[in-house]
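Q: I am attaching a structure below and will ask some questions about it afterwards.
The values are calculated or read from the model by the stated rules, or taken from the named source; none is laboratory data. Please read these numbers as outputs of a predicted model, since none were measured by experiment. Note: ideal-geometry Cβ built from the backbone for every residue, glycine included; neighbour counts use all protein chains shown. Heads up: the accessible areas ignore ligands, DNA and RNA and are worked out on the full protein's heavy atoms, side chains in. Shrake-Rupley method; radii C 1.70, N 1.55, O 1.52, S 1.80 Å.
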6 protein chains.
Amino acid sequence: MLERVPTGIAGLDELIEGGFPINTVNLVSAPTGGGKTIFAIEYIYNGVRNYGDPGVFITIEEGYESIRRAMNAFGKDTRRYEEDGKLFILDMTELRKEMGIYESDKDGLTFDALKDALTGILKYTKAKRFALDSLVGIGLSYESPTRLREEIFRFSCFLREMNLTSLLTTESVEGTPGITRYGIEQFISDSLIVLGLEEMNGELVRTIRVRKMRFTGHDRGKHPFLITSGGIEISPHEKIFNP
Amino acid sequence: MLERVPTGIAGLDELIEGGFPINTVNLVSAPTGGGKTIFAIEYIYNGVRNYGDPGVFITIEEGYESIRRAMNAFGKDTRRYEEDGKLFILDMTELRKEMGIYESDKDGLTFDALKDALTGILKYTKAKRFALDSLVGIGLSYESPTRLREEIFRFSCFLREMNLTSLLTTESVEGTPGITRYGIEQFISDSLIVLGLEEMNGELVRTIRVRKMRFTGHDRGKHPFLITSGGIEISPHEKIFNP
Amino acid sequence: MLERVPTGIAGLDELIEGGFPINTVNLVSAPTGGGKTIFAIEYIYNGVRNYGDPGVFITIEEGYESIRRAMNAFGKDTRRYEEDGKLFILDMTELRKEMGIYESDKDGLTFDALKDALTGILKYTKAKRFALDSLVGIGLSYESPTRLREEIFRFSCFLREMNLTSLLTTESVEGTPGITRYGIEQFISDSLIVLGLEEMNGELVRTIRVRKMRFTGHDRGKHPFLITSGGIEISPHEKIFNP
Amino acid sequence: MLERVPTGIAGLDELIEGGFPINTVNLVSAPTGGGKTIFAIEYIYNGVRNYGDPGVFITIEEGYESIRRAMNAFGKDTRRYEEDGKLFILDMTELRKEMGIYESDKDGLTFDALKDALTGILKYTKAKRFALDSLVGIGLSYESPTRLREEIFRFSCFLREMNLTSLLTTESVEGTPGITRYGIEQFISDSLIVLGLEEMNGELVRTIRVRKMRFTGHDRGKHPFLITSGGIEISPHEKIFNP
Amino acid sequence: MLERVPTGIAGLDELIEGGFPINTVNLVSAPTGGGKTIFAIEYIYNGVRNYGDPGVFITIEEGYESIRRAMNAFGKDTRRYEEDGKLFILDMTELRKEMGIYESDKDGLTFDALKDALTGILKYTKAKRFALDSLVGIGLSYESPTRLREEIFRFSCFLREMNLTSLLTTESVEGTPGITRYGIEQFISDSLIVLGLEEMNGELVRTIRVRKMRFTGHDRGKHPFLITSGGIEISPHEKIFNP
Amino acid sequence: MLERVPTGIAGLDELIEGGFPINTVNLVSAPTGGGKTIFAIEYIYNGVRNYGDPGVFITIEEGYESIRRAMNAFGKDTRRYEEDGKLFILDMTELRKEMGIYESDKDGLTFDALKDALTGILKYTKAKRFALDSLVGIGLSYESPTRLREEIFRFSCFLREMNLTSLLTTESVEGTPGITRYGIEQFISDSLIVLGLEEMNGELVRTIRVRKMRFTGHDRGKHPFLITSGGIEISPHEKIFNP
C-alpha cells in the first residue's frame, strides 16, 4: 500500500484514493482565473493545519502580501503557522524582477535558483509539502520547451530526493487546444489535475478532472466545483457531460 | 473585506461585488471596434466625477485631441477636471512616433518610458486610478512574448507599489482563438474582462464577461451591452447563451 | 456633432450616420474579387462629382490606365475632373516596380515615399479626400507586422494632420480566418468596413458589414450588395443571416 | 465595351460575358489532378484553331513531348499550327533542370528568364495569347511569398505591355484551406478561376467557379465539368450546392 | 492510344483503364500501416511473373531480408526471378545508415546516389518497371520542400528518360490534413493513388482512391480493399461514402 | 509462418495473431496517464515469468525505484528474476541528468549511449525482449525530427541485428491531432499500438487500437481496457464506436 498525503481540499481526496502518493510531483493546470493559486494555497495550508505537515509555498507570480491577502480572504490565518515555523511563504517575485529572463548579460530566474532557496529552507525545517506557483514563471527563462523539459525533469528528481510531496501549477492557454502551456509538463509529473472554466447555459462553470495519477487508480470523471468564501468545494458525486 | 474601487460603468459594478479590488491591475480585452477605449475613458472619468478620484489616462494609440473628441462625443466634459488637476490625459503618441520600435539604433517606446512619465505625474498629484490604452502599443517594442510577459509583470508590480488601481487594455484578434493578442497578458493581471462582438441573427451584438477576478467572487455570465450617446450600458440581468 | 464626409456609395451612408467622420482614417478589407478597388474609386469620384471635394487616388496595384478603364467601365467620366484639378489619380506602380521591396541595395516603396508624393500634390490642391489602393502593396516593404503596424500608425497620424478624410484598402485572405491580411491594420484605423464573398445556395453573394467606427454609432448588420454597371449598390434594409 | 478574348472552352465563355477582357492576366488554380494543364492547353489551342490568334505555351512542369502527347490524346493536332508559326510550345524544363533553384552559385529559373524567352519569340511572331504552366515552377526560385508577389506583379505588368491576354496556372494544396499555393497570386491577377475536385456521394466531382474578374460582371455559381476525350466540358446551367 | 503497363494488383487495373500509361511516374501515398510497401512489391512482382517485365525494387526503409520476408509471407517466391536476372531488390538501407542525412561533413543519401545505382543496374538488364519505397527516406536529405521538389522533378525526368514505368511511395501523416508528407510530391508525378485507413463503425477500413492520372480518364470513387494472405484485393465495384 | 513473441498482456495477443513477430521493433503511443509505462513493464515481466524470456527494461523517465515501486504495486515481484539474471532494469535517468540535452559543451543522452549500454548487457545475458520507456526522453537530444528519424531508423536496425523483439514507447500530445509526438516514430517501427483516453459520458475511457503490424494481419477495432490492481486488462470482444 502506498502512503498518501491528503490534500484536505473538500471533495478531492476521495477522487484520488486518499491523497497524493507520498514523494510524488503533482501538477495542476488551469486557464486564467481557473483557481490554480487557491488550489496550491489550500494544499499547503490544509497540510499545516489539519495534518501537521510543515509546508513551503514559493510564489513567483504574486508577492508575499498578495498571497497573504488571498489566504486571509479565504479565512485562512497564516501568521500563527508562520511564527511556529510550520509555514513558509517564499516570495521570489523580487528575485524574478532582478534576475529577469535569459539575456546575454543575465542568468534569469532558473530552477537552480529555486533549488538553492529550497535547500536553504529545508536545512532548518522538515517540510513535507511543497507548492510552486507557477512553473511558467520559471519556464520563461528557458529558450526551448526541450530545454525546459529537461530542467523540469531534474527539478522533479530533486523534489523527490528531498522527500517532498509537491504541487506545481501551470497554465492552460485559452484558445489553444493543449492542456498545459508547454505541452510537456504533464509528461514529467506523477499526476495531472486539470481545472477548467467551461461555458454551460451562458455561465462559466468551474470543472476539475484527474487526468493522470501514477501508481494508483483514480476517478476519471469531470466534476464541477465552486470557490466560496471558504475556498474550493468539489462535488465528487456530480459529473459534467460534454455534448 | 477588500476595499473596492467602483468603475461607475453602468451595470458593471454589480457584477464584480462593487468594483475592482483596490491596488489591483485589471485587464480589458476587445476585438476591433469592441469598445475598449470608451471603457477605459469611462473608468477614469467616472472616478474623477463621481468618486473624486484623481486619474491618469495614457494613450499611445490615439492623440490627445482624439481622446478629448471621444470624451466630448459621449457628453463628458473634461476641461474642468483637467484644469482642477484631477484628470491627466497623457498623449504618448508623439513619443511613440519619435522612439519607434526596436531597431538597432533606437530604444523604442518601452514600459520604462511609461514608468518615467507616470512617476513624474505622480509627484504633483495623488492619482488613485490609472488607465493605459493600450498594452499592445507598447508590446510592439518587445521582441518575444516571453520578454513582454516579464515587462508586464514588472510594470504591474510598479503600478501596485504606486498604490494605483489600474486598467490596461489589450486586443483580441479576430480570426484567432485566443482572448488576448499575446496570450500572456491575462496571466499577469489580477482580473480579466472580455468584451466581444458576436453575430446573432445577422447583427453584431456587444458582449461582456468577467473572466477572472483575483481575491473575490464575480458573476460568470455573458451579458449584452450597448454603447449609447451616454457611453457603455451593460444589462447585468440579461444573459447571452451560445448554442 | 461630428462633421461627416458622405461616401456617396449607394446605401452606405445611411448605415454610418451620414458618412465618415471628418479627418478620420477608414479601412476597407475584401477578399480577391471582393470589390475594394471599385469601393475606393467611388469614394473619391463621388466626392468630386457630388460634393465638390477634391480628391487624390493613389494606386500601387494597377496602373493609371487600368484605373481609368475601370472608372469608365462604370460610367464615370474622369477626364473633366482631372483637367479641372479636382481629381488626382496617382499611379505609383512604376515607382513600385523600380524601388521593389526590401533588399540590401534597395529602399523599397515605403510610406515615406507616399508621404512625399502626397505632400507634393497637396501643395497645389486642397484635397479633402484620399484613397490608397492598397495598403498591402506597401506593406510588402516591411519585414514584420510589428514594423508595419508602426508605419501605418504614423502614416495615419500624417493623414489626419493633412486634414484628409482617408480610405485605405487591404486584403482578407481566403482560407485564413482573419479579416485583414496582417491582422493589425484594423486596430490603427478609425473604422473598418468588411466586404465579403459568401457562398449561399451555390452562389457567391457579396456582403458588407461595418465592423467598427470610432466616435459614432453605426449599423451592425451584414448586408448584401451588387456591383452593377453603375457601381456598388448596397441594400441597407436587407440582411444576411449566417446559420 | 471591353474587347473580349474567347477561351473557346466548352461552356466557359458564357459564364464570363464572352471571354477574358483583352490584355488581362488571368489565373487558374487547381489541386492535383484538377485539370489545370488541359485548361491552359485548350485556351491556347482554341485560340489558334478557332480564332486565328497566334499563341505561346510555356511549360516548366512537363516536357514538350508530354504536352504534345496530352494535346494529341485530346484530339488536338498541333503539328500543323506549329509549322505555320501560329503555335509555340516552349519547353523550359531543361532550363529549369539546369538553372535549378536559388542556391549560392546559381540564379535559378526566374521570371527574368521567362521574359527574355518571351521577348525573343515575340520578335518574329505576333502572339495574342500566352499561357504559363505553372507559376509554381518559377515561384520556387523565390525565397519569400513577398518577393514572389513583387515578381508576379512585375511579370503581369510586362505581359500587359506586350499586349498579351494571358493565362497563368497555379496549384491549390489539398489539406490547406487557401485557394492558391502562395495566397498571393490571386491578388495580382485580373481574374481567378478556381477548379476543384469535390467529394459527392463517394465520387470526386470536378468543379469550376469564377471567383474574380476585373472590369466586368461574371457568373458566381459553382458548376460541374467533365474531362472527356474531347477535353473540358463545363455545364454552365448546372450548379453545385455545398451543404 | 496510350500503351499501358498493368499493375496486376487485383481490381486496380480496371479503375485506371488497364494500367499505368507507359513511361510515367506514379505516386502512392498511405498512412502508417496503410499498405504502401506491399503495393510496391506487388507492382514489381506481378510485372515479372505475369507480364515478363524485368523490375527493380529499391528499398531504403527496410532491409533486403525484410522485403524478402514480406514477399514470401504473401506467397511470392522471389528467388527464381532474382536468379533469372529479372527481379532486382536493391537494399540501400546500409548506404543510408552510412551516408546519413545532411550534415556539414556528410553528403546524405540523395537522388544522385539513387540515379547512380539505377544507372548501374540498367546497364546489364532491361528493366521496364521501377519501384522506390519510399520517397521520404530520401527526402530527409533535403533541407526544404522547395529543394526537394526540384530534386523529385529531376529524378522523375530521369526515370522517364530511362524508359521506366515507375512507382514511388510516400507517406501521409495522421493528424495532418495533407495527402502527402511534403505537399509537393503529387504535383510532380503523373498520377496519385491515395491509400487510407478510415474508421467505420469502430473498425479501420482500408480504402483506395485514384486521385490523378495524366493523359487518361480514371475512376474517381473511393473503394475498400483488403490485405489477405495473397496480397491486396480491391473491390472496384464497392464504394465508400463518407457522411 | 512467422514466429511470435507473446506479450502476455491480457487480451492483446489474440488481437495480433499471437504476439509480436519475432525480431521486430514495436511502438506504443499514449497520452499523459495513458498507460504506456505499465504496458512496457508487463511486456518485459510477462516474458520473464510466463515464457522464460530474459528481458531488458531501460527507463529514462522514472528512476529504478519508481519502476520497482510500480511493478510491485501491480503485484509483480521483480527481485527474484533480477537475482536470477533474467530481468534487467536499467536506470538511465542519472545519465540523462548528467549528460543533459544538446548544448555546445555536452553530448546529451543519445541512442549511441543506449546502444553502448545495451551491448554491454547483452554480453553476459541472452535477452530476447527489450523495452525502452520512452523514445521521447532520448528524442530531446536531437535538434530536428529529421535527424531524430534517422537515429530511430538506425537504432531499430541495431535492435533487429541484436535479435531482440523490442517495444518502444512514445507520447501522443493532448490537443494536437497527431498520434505520436514527432509524427515520424510510427513510420520506422514494424508496428504501432495506440493507447487513448477518450471522453465517453463524462468519463475518460481507456482505449487500445492496433494501428499497424508489418508482415501479418491484425484486428483493426478500438477496444476498451482497464488498469486494475493486476495490470492491463483488454476486452478484445468489446468495441468502441466513435460517433
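Q: Within region E:9-68, how many residues turn out to be open to solvent by 10 Å² or more (accessible area, probe 1.4 Å) and among the small types (Gly, Ala, Ser)?
A: Adding up the residues that qualify gives 8.
Q: Quick check on this structure: which one of F:GLU185, F:GLU233 is crowded, with 22+ Cβ neighbours inside 10 Å and either of a type in the set (Val, Ile, Thr) or touching a residue at least 60 places away in the same chain (Cβ under 8 Å) (or both)?
A: After applying the criteria, what remains is F:GLU185.
Q: What number of residues within region A:131-144 satisfy the criterion of being in contact with a Gly (Cβ under 9 Å, 6 or more places away or on another chain) and within 14 Å of chain F (Cβ to nearest Cβ)?
A: Residues flagged as in contact with a Gly (Cβ under 9 Å, 6 or more places away or on another chain) and within 14 Å of chain F (Cβ to nearest Cβ) within region A:131-144 amount to 1.
Q: Moving on. Do we have any residue at all in region F:162-169 that's facing another protein chain (nearest Cβ under 8 Å) and either buried (at least 23 other Cβ atoms within 10 Å of the Cβ) or not in a loop (DSSP other than H, G, I, E, B) (or both)?
A: No: region F:162-169 contains no residue that is facing another protein chain (nearest Cβ under 8 Å) and either buried (at least 23 other Cβ atoms within 10 Å of the Cβ) or not in a loop (DSSP other than H, G, I, E, B) (or both).
Q: When you scan region F:188-213, how many residues do you find that are closer than 30 Å to F:ARG147 by Cβ and open to solvent by 40 Å² or more (accessible area, probe 1.4 Å)?
A: Number satisfying all stated conditions: 0.
Q: Does F:LYS128 satisfy the criteria of being among the basic types (Lys, Arg) and away from chain E (no Cβ under 11 Å)?
A: yes
Q: Looking at (1) more than 7 Å from chain E (Cβ to nearest Cβ); (2) in contact (Cβ under 8 Å) with a residue 60 or more places away in the chain, which is the one condition that is false for F:ILE179?
A: With respect to (1) more than 7 Å from chain E (Cβ to nearest Cβ); (2) in contact (Cβ under 8 Å) with a residue 60 or more places away in the chain, F:ILE179 is out only on (1).
Q: Sticking with this structure for a sec: Looking only at region A:160-181, decide whether some residue is acidic (Asp, Glu), in contact with a Lys or Arg (Cβ under 9 Å, 6 or more places away or on another chain) and under 22 Å from A:LEU2 (Cβ atoms).
A: No; the residues of region A:160-181 include none that is acidic (Asp, Glu), in contact with a Lys or Arg (Cβ under 9 Å, 6 or more places away or on another chain) and under 22 Å from A:LEU2 (Cβ atoms).
Q: Here is a further query. Could you check how many residues of region C:193-243 are assigned to a loop (DSSP other than H, G, I, E, B), farther than 23 Å from B:ILE232 by Cβ and within 9 Å of another protein chain (Cβ to nearest Cβ)?
A: Adding up the residues that qualify gives 7.
Q: A follow-up question, please. When you check C:ASP91 against the structure, is it surrounded by 17 or more Cβ atoms within 10 Å (Cβ to Cβ) and without any contact (Cβ under 8 Å) to a residue 12 or more places away in the chain, yes or no?
A: no
Q: Going through region E:138-154 one residue at a time, which ones are open to solvent by 30 Å² or more (accessible area, probe 1.4 Å), among the small types (Gly, Ala, Ser) and touching a residue at least 24 places away in the same chain (Cβ under 8 Å)?
A: Result: no residue meets the conditions.
Q: In this structure, is D:ARG147 of a type outside the set (A, V, I, L, M, F, W, C), more than 13 Å from the chain's Cα centre (by Cα) and more than 7 Å from every other protein chain (Cβ to nearest Cβ)?
A: no
Q: Further question: So which of D:GLY52, D:GLY8, D:GLY33, D:GLY19 is within 14 Å of chain E (Cβ to nearest Cβ) and not acidic (Asp, Glu)?
A: The unique qualifying residue is D:GLY33.
This table checks each residue for (1) at pLDDT 90 or above; (2) of a type outside the set (D, E, K, R).
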site: B:VAL48; (1), (2): yes, yes
site: B:GLU83; (1), (2): yes, no
site: B:ASP116; (1), (2): yes, no
site: B:LEU122; (1), (2): yes, yes
site: B:GLY139; (1), (2): no, yes
